[in-house]
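The values are calculated or read from the model by the stated rules, or taken from the named source; none is laboratory data. None of these values were measured; they are calculated from a predicted model. These accessible areas exclude ligands, DNA and RNA; they are computed on the full protein's heavy atoms, side chains included. Shrake-Rupley method; radii C 1.70, N 1.55, O 1.52, S 1.80 Å.
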Amino acid sequence: MESQKNIELIVIGGSAGSLQVIIEMIKNLNDIPKIPIVVVVHRKAQSGDILRTLLQQFTKIPVIEVEDKTEIDNNAIYIVPADYHLLFENKTNMSLDSSEKMNYSRPSIDVTFRSAAEIYGENMIGVLLSGANADGVEGLCYIKKNNGQVWIQDPETAEVEYMPKHAVEEIDYDQIIKPDNLADYINQL
């Protein structure tokens, strides 16, 4: 891996087929991360906090479903709630937004990637996983434009290759990630 800048945030976006990759990553992360991880997954509006409950079973790291004005802690994994976009106000607070859907999605990966890139610039990593629409690709372009790192799941390993394949074709990425080495890359930061 290339030498790392001072990474202060990791944002992971995924849709259809990404949940198993996220679970495997969480199982294999170091118990005390030094970097907050934000997970944006497309899901039904009425899904409640079932995703947080599911993911918490696989780690000692606190898994927190974001509420409006949530403070960012380095030692946590944040889940964007169903039916809200997540925005970064600054490096210490996140907020929720219920504006129109983007790419048929709320939460939108693009919205969160873009907001994170505006605040964190070169000090962030955007990771795009399996999915069936183009959400996340525009956001990754914005991360790259702001000198952040772009990691994309190897489309050949994706349950639904459309999202990562589209990203690989469009973006000058930093890493192609296989599901079994995502946690290793994060642990090395």
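Listed values, structure above:
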quantity	calculated
Within straight-line cross-link reach of Lys60, aspartates and glutamates at Cα separation under 16 Å, skipping those fewer than 8 residues along the same chain	Glu24, Asp31, Asp73
Within the stretch 1-97, percent of DSSP bridges classed antiparallel, to nearest 5	35
Rounded percent of accessible protein surface that carbon and sulfur make up, the chain, 1.4 Å probe	45
Reciprocal of mean inverse Cα separation for the stretch 19-61 (Kirkwood radius, Å)	11.4
Too-long pairs where the Cα-Cα distance tops 27 Å, listed order kept, from Lys144/Lys178; Lys5/Lys101; Lys91/Lys165	Lys5/Lys101; Lys91/Lys165
Among beta bridges that DSSP assigns inside the stretch 96-189, antiparallel share in %, nearest 5	10
Beta bridges per DSSP with both ends in the chain, % antiparallel, nearest 5	25
Choice from Ser18, Ser115, Ser98 showing the highest fluctuation, given a GNM over the chain with Cα pairs closer than 10 Å	Ser98
At least 15 Å along the helix axis (C-alpha) and Kyte average at least 0.0, DSSP helices within the chain	109-120
Kirkwood-based shape ratio for the chain, expressed as Rg/Rh from alpha carbons	0.91
